[in-house]
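Below is one structure, written out as structure tokens; the observations come after it.
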Amino acid sequence: MPISSAGVRSAALVAALLLSTAASAQLFQQPQPQAPRAAPKQAAPGAPAAPRPGPPVGTAAHRSGAACHNGMSFDRFLADLKQRAVSEGVSQRTLAAAAPYLTYDQSIVNRDRGQRVFGQIFTQFAGRMAAPFRMQNGQAHIKTHAAAFARAEKEFGVPPAVIAAFWGLESDFGANMGNLHTLPSLVSLAYDCRRSEMFEKETIAALKIIERGDLSPEEMIGSWAGELGQTQFLPAHYLNYAVDYDGDGHRNLLRSAPDVIGSTANYIATGLKWRRGEPWLQEVRVPPNLPWQETDLSIKHPRSKWAAWGVTYPDGKPLPNDDLPASVVLPMGRTGPAFLAYANFAAYTEWNNSLIYSITAGYLATRIAGAPPMKQPAQPVAQLQFNEIKELQALLVRAGHNVGKVDGVLGQASRTAVKAMQVKYGLPADSWPTAELLARMRGPGAQAQPAGAAMPQAR
């Protein structure tokens, strides 16, 4: 799901997908999105909706009230939120229809607070999520809905493959959209303190969707964090970017494939500033003597400069000798896959700030568009184990770097700190933690400090 606000998508990951590959849910973790929860199933466009659960039974909120609301009870908080919604144009009729669903659910809050972030190294995640079946399904959906895709590309400039890749990754084309009522999730997270302001806005946005007549409260079923539809929009994105592409007078991102296609294109083009006619991601081959400190999303050079440094296409053909700016991205360091990321790649990192997800989504789009599969590393990429990552993070903190939590999760802050220390020690600055860097940071004669049981290395 698109998430430019506060990383909900990164938080709302579905463990069932990642835990099913136990050996890979262990190392080099990035915040990751909710991914499809099951093996792919085709949801027939326009098929009858599955039976929906009845209105939820609310649970009692903490009697003391959420601290961010000065001890206000949930009932009082809800009354104030309803008043705010009315001031923003929500009718009493809509509030009455929504009332059975505006209940507090402690289990949602517990789920949000107790979330664990799982991860896979890039080749494992991409191998699973950009698998041939998803590429083939994307191509098939483009053919099935050719008119809607053509219209979206003409109006918004977003290629069909880009839309189809997000569609496939977020819900397997509507097969896995979640099965929880949206309003209880939103209002419970709004009452909780962690992201109260954000979810107050999302709750009101959901009420406005009902007011507009796009969905009923009963129809609002999605993920536990409140995302809706086949490309998992938060309500504010649904409200602002959903379009009626099938001409029925409603914007239904749960059941209408044309609406999904047009709305996703609108969000990518308008919300994420897609640049018409420009590329987004290309696999490349990098030479062993590349200035590794230049390989970062924050650093852009003309393709001609990368070509001069020896970067080529995977088959060895030269890059165009032009001024189109691009970054070289190395999700697994200098011995793993390498990509040129163009200006349009920013749409992927805005959709989801996980580097692994973003590159996977961009790569899947290239595959749907006809690109060959990426070349696998000639040799397995050396990986630190979980306890070693934690130890390295602790040493980075001791050296004055901010890595966020010392948790064995290789997020962007940890990667940035790794790069800085690689530069300091004269090592290849590719942001990938290595045994050599760990040894340098331990110092002469130092012993490894256990940081918990070592996780088995992925193969």
Report summary line: Being crowded, with 18+ Cβ neighbours inside 10 Å, assigned by TED's automatic domain parsing to the domain that holds His145 and farther than 22 Å from Ala205 by Cα narrows Asp246, Asp259, Asp296 down to just Asp246
Requested in this report: Kindly indicate whether any position in segment 202-213 is of a type in the set (Lys, Arg) and at pLDDT 95 or above.
Outcome: yes
Report summary line: Flagged in segment 207-233 as under 21 Å from the mean Cα position of the chain (by Cα), at negative phi and not hydroxyl-bearing (Ser, Thr, Tyr), in numbering order, are Ile221, Gly222, Trp224, Ala225, Glu227, Leu228, Gln230, Phe233
Requested in this report: Would you check if there is a residue in segment 313-327 being modelled with pLDDT under 95, touching a helix residue (DSSP H, G or I) at 6+ places or on another chain (Cβ under 9 Å) and under 24 Å from Met129 (Cβ atoms)?
Outcome: no
Report task. Considering every residue within segment 270-289, establish whether at least one is surrounded by fewer than 20 Cβ atoms within 10 Å (Cβ to Cβ), in a helix (DSSP H, G or I), touching a residue at least 40 places away in the same chain (Cβ under 8 Å) and under 19 Å from the mean Cα position of the chain (by Cα). Result -> yes
Query raised in the report: In this structure, does Ala126 turn out to be surrounded by 14 or more Cβ atoms within 10 Å (Cβ to Cβ) and either aliphatic (A, V, I, L, M) or assigned to a helix (DSSP H, G or I) (or both)?
Result: yes
Query - Within segment 385-426, considering residues that are under 23 Å from Thr349 (Cβ atoms), part of a loop (DSSP other than H, G, I, E, B) and β-branched (Val, Ile, Thr), the one modelled with the lowest pLDDT - result: Val409
Report task. Answer yes if at least one residue in segment 57-68 is of a type outside the set (Asp, Glu), assigned to a helix (DSSP H, G or I), over 28 Å from His250 (Cα atoms) and modelled with pLDDT of 55 or more, and no otherwise. Result -> yes
Query - Members of segment 394-405 found to be free of Cβ contacts under 8 Å to residues at least 24 places away in the same chain and not small (Gly, Ala, Ser), listed by number - result: Val397, Arg398, His401, Asn402, Val403, Lys405
Report summary line: Note on segment 297-315: residues of a type in the set (Lys, Arg) and either over 20 Å from Gly333 (Cα atoms) or not in a loop (DSSP other than H, G, I, E, B) (or both) are Arg303, Lys305
Query raised in the report: Looking at this structure, is Phe173 in the same structural domain as Asp259 (by TED's automatic domain parsing), at pLDDT below 95 and part of a loop (DSSP other than H, G, I, E, B)?
Result: no
Report task. Just give me the residues in segment 178-195 being assigned to a helix (DSSP H, G or I) and within 21 Å of the chain's Cα centre (by Cα), in sequence order. Result -> Thr182, Ser185, Leu186, Leu189
Query raised in the report: Regarding His237, is this residue farther than 19 Å from Ala146 by Cα, surrounded by fewer than 20 Cβ atoms within 10 Å (Cβ to Cβ), out of contact with any Leu (no Cβ under 6 Å at 6 or more places or on another chain) and not small (Gly, Ala, Ser)?
Result: no
Requested in this report: Scan segment 299-314 for residues that are touching a Ser or Thr at 6+ places or on another chain (Cβ under 7 Å) and crowded, with 16+ Cβ neighbours inside 10 Å and jot them down.
Outcome: Lys300
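The values are calculated or read from the model by the stated rules, or taken from the named source; none is laboratory data. As the structure is a prediction and not an experimental result, all values here were calculated from the model. With ideal geometry, Cβ positions are generated from the backbone for all residues, glycine too; neighbour counts draw on all protein chains shown.
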